[in-house]
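Chemist: Sharing a structure, written as structure tokens. Questions coming.
Every read-out reported here was derived from the displayed coordinates using simple, explicitly stated rules and does not represent laboratory data. Remember, predicted model here, so these are calculated numbers, not experimental data. We place every Cβ from the backbone using ideal geometry, glycine too, and count neighbours over all the protein chains shown.
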Amino acid sequence: MAGGTRMIRVGRHRLAARVYGRGAPTVVIEPGFGGCAADWEPIAERLAGETSVVLYDRAPYGASGAARDGRAPRDIAADLDGLLGQLGVTGPLVLAGHSAGGIYVRAYATAHPDRVAGMVLVESSHEGQRAVLDPLRPFRARLSGLLTIPSILRESPESRRGGDRRSIIREWRAFRRATAGREAPPPGALGDRPLVVLTCAPGDPSVPEGVWKAWHDLHADLAGLSADSLHVVSDSPDHYLNRGDPDLVVSAITDVVGAARGGAPLGELAAASDAE
């Protein structure tokens, strides 16, 4: 991350974090498996004019140190809560999770429901996805953004610099357990708090239409977590919508921030947009 990054001691970890902007609710961005804060800096910088944003490197990625405990979603949620406390972020949160980060922000919402004012799920993993996607080999990995350990270490310089192989393997194994369908939040778990679920477009020639449809249906299920939700399909087929369709990501987060501040419910915004 750029200048202004702080190294925060949280339990046995040292986490690199930066706060952008001012205002409430605070947007917290949780990258996906193998992802780093640097991937989301352009998004955070654009949101900083609207509200405060916390962007951090989850252990063991980027500038953060190795992860020295379990990497189950509840462990990552506990790290995030400790980090927010050290940063003095005590108000309401809008959580934005990409890919595996979607599972981690939902774990945070389960542990700290009173803190969460809204949520944006960007190409999010689903707690029950293995039962749906595993039979669809060899396409499931490409579709859901689940990279192999060797590819993470080979393709992500940020991961190699900040992480260690053992920490990454622990997170991978914990993630596989988390997507086995045993700990899915119940429908309506977010009540009427605003939620936007973003899905990439079909069109990748290596992914059959039926496989994309399964991924889309998993995301439609996630939209059922809130009575005030939108499920939006991007024009981009890129799993990394922060680079493939950044305008959509910024718009979704901004809309949820506005709704969390007491503005129009997302359903009303969608109806007004359709009427134009």
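Chemist: Please give, to one decimal in nm, the separation of the simple spin-label points placed at T90 and V232, each 7 Å out from Cα toward the Cβ.
Modeler: My value for the distance between the label points is 3.3 nm.
Chemist: Which peptide among 74-86, 56-68 comes first, and what is the full order, when sorted by highest mean count of other Cβ atoms within 10 Å?
Modeler: 56-68, 74-86
Chemist: Per DSSP H run of at least 4 residues, take -39500 (n - 2.57); add these up for the chain, divide by its residues and hand me the 222 nm value, nearest 500 deg cm²/dmol.
Modeler: Computed mean residue ellipticity for the chain: -12000 deg cm²/dmol.
Chemist: Under 9 Å from the Cβ of Y104, count the other residues' Cβ atoms, weight Lys and Arg +1, Asp and Glu -1, and hand me the total.
Modeler: Values: positive: R58, R106; negative: E30.
Here the count lands on +1.
Chemist: Could you work out which residue, out of S125, S206, S99, moves most in a Gaussian network model of the chain, that is, has the largest mean-square fluctuation with Cα springs under 10 Å?
Modeler: Result for the chain, Cα springs under 10 Å: S206 fluctuates most.
Chemist: Can you bin the stretch 183-276 into rounded, prolate or oblate? Criterion: square roots of the alpha carbon gyration tensor eigenvalues sorted a ≥ b ≥ c, rounded for a/c under 1.5, prolate for a/b above b/c, oblate for the rest.
Modeler: Oblate is the answer for the stretch 183-276, as a/c is 1.5 or above yet b/c matches or exceeds a/b.
Chemist: Out of E183, E41, E50, any idea which swings most in a Gaussian network model of the chain, alpha carbons joined below 10 Å?
Modeler: Between E183, E41, E50, it is E183 that shows the largest mean-square fluctuation.
Chemist: A further question on this structure: Relative contact order of the chain: what whole-number percent is it, with Cα pairs under 8 angstrom and at least 6 residues apart?
Modeler: 19
Chemist: Okay, moving on. Taking the Kirkwood radius as the inverse of the mean 1/r across Cα pairs, report the Rg/Rh of the stretch 1-112. Each step should come with its number before you reach the end.
Modeler: On the way: Rg = 12.5 Å, Rh = 13.6 Å.
Radius of gyration over Kirkwood radius for the stretch 1-112 works out to 0.92.
Chemist: Additional query: Top mean-square fluctuation among A44, A227, A252, Gaussian network model of the chain, C-alpha springs under 10 Å?
Modeler: Among A44, A227, A252, the largest GNM mean-square fluctuation belongs to A227.
Chemist: As a test of understanding, state the convex hull volume per residue of the stretch 58-131 from its alpha carbons, in Å³. It would help to have the intermediate numbers written out before the result.
Modeler: Values: hull volume 7.6 nm³, N = 74.
Given the Cα convex hull of the stretch 58-131, per-residue volume reads 102 Å³.
Chemist: Further question: In the chain, which whole DSSP H runs stretch at least 30 Å along their own axis (Cα) and average 0.5 or higher on the Kyte-Doolittle scale?
Modeler: none
Chemist: In debye, nearest 20: dipole of the chain around its Cα centre with unit charges on the Cβ of K, R (+) and D, E (-)? Present the calculation step by step, with values, prior to reporting the outcome.
Modeler: Working: 31 positive and 33 negative charges, 337 e Å.
The dipole of the chain has a size of about 1620 debye.
Chemist: Please compute the alpha carbon radius of gyration of the stretch 6-275, then divide it by the globular-protein estimate 2.2 N^0.38 Å. Two decimals is fine.
Modeler: Expressed relative to 2.2 N^0.38 Å, the Cα Rg reads 0.93.
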